[in-house]
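The values are calculated or read from the model by the stated rules, or taken from the named source; none is laboratory data. Here the structure is a predicted model, which is why all the values come from computation and not from measurement. FYI the Cβ positions are ideal-geometry reconstructions off the backbone, even for glycines, and counts take in every protein chain you see.
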Amino acid sequence: MLLLITVFSSCGFFRAPGKDSCDKILSREQMTEILTDVYFLEGYIREIRLYADELDDSVKVFYQALFRKHGVEFETFREALDCYLLDRREMEVIHEQILNELSIHESKAESLLKELE
């Protein structure tokens, strides 16, 4: 048992992959942009679910369009997400950037609403 723990520890089995490893799949900036768009898409889907009962087929199309917009395959995104999720600090940084981006969009939306009044 001790031998197995030593072997796994030495090969990095219990360690987070680190930014460089995840960055090779998708950069932090790309992940931030994609996840920000996921927040917007999920909000949109939640809103239109109120008016459309059968939306499941459309959700798949929406996500395909999102990944096409970013030039990323779903599998690549999933691999990068799994990698970043193993590194708590990296995910915290990405989450902070997403919140900043959402805050900027919220401010723009509020100013547009004021202009329309």
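Within the range 23-49, restricting attention to residues that are charged (D, E, K, R) and surrounded by 15 or more Cβ atoms within 10 Å (Cβ to Cβ), which residue is farthest from E96 (Cα to Cα)?
Once the filter is applied, the top-ranked residue is D23.
Would you mind listing the helices (runs of 4 or more DSSP H) fully within the range 39-117 where at least 1 residues are of a type outside the set (F, W, Y) and in contact with a Lys or Arg (Cβ under 8 Å, 6 or more places away or on another chain)?
Qualifying helices (runs of 4 or more DSSP H): 88-116.
Could you list, in sequence order, the residues of the range 65-104 that are under 13 Å from the mean Cα position of the chain (by Cα) and among the small types (G, A, S)?
Across the range 65-104, the qualifying residue is only A80.
Could you grab me the full set of residues in the range 50-78 that are of a type in the set (S, T, Y) and either surrounded by 10 or more Cβ atoms within 10 Å (Cβ to Cβ) or modelled with pLDDT of 95 or more (or both)?
S58, Y63, T76
Among the candidates T6, T36, which residue alone is part of a helix (DSSP H, G or I), among the polar types (S, T, N, Q) and modelled with pLDDT under 70?
T6
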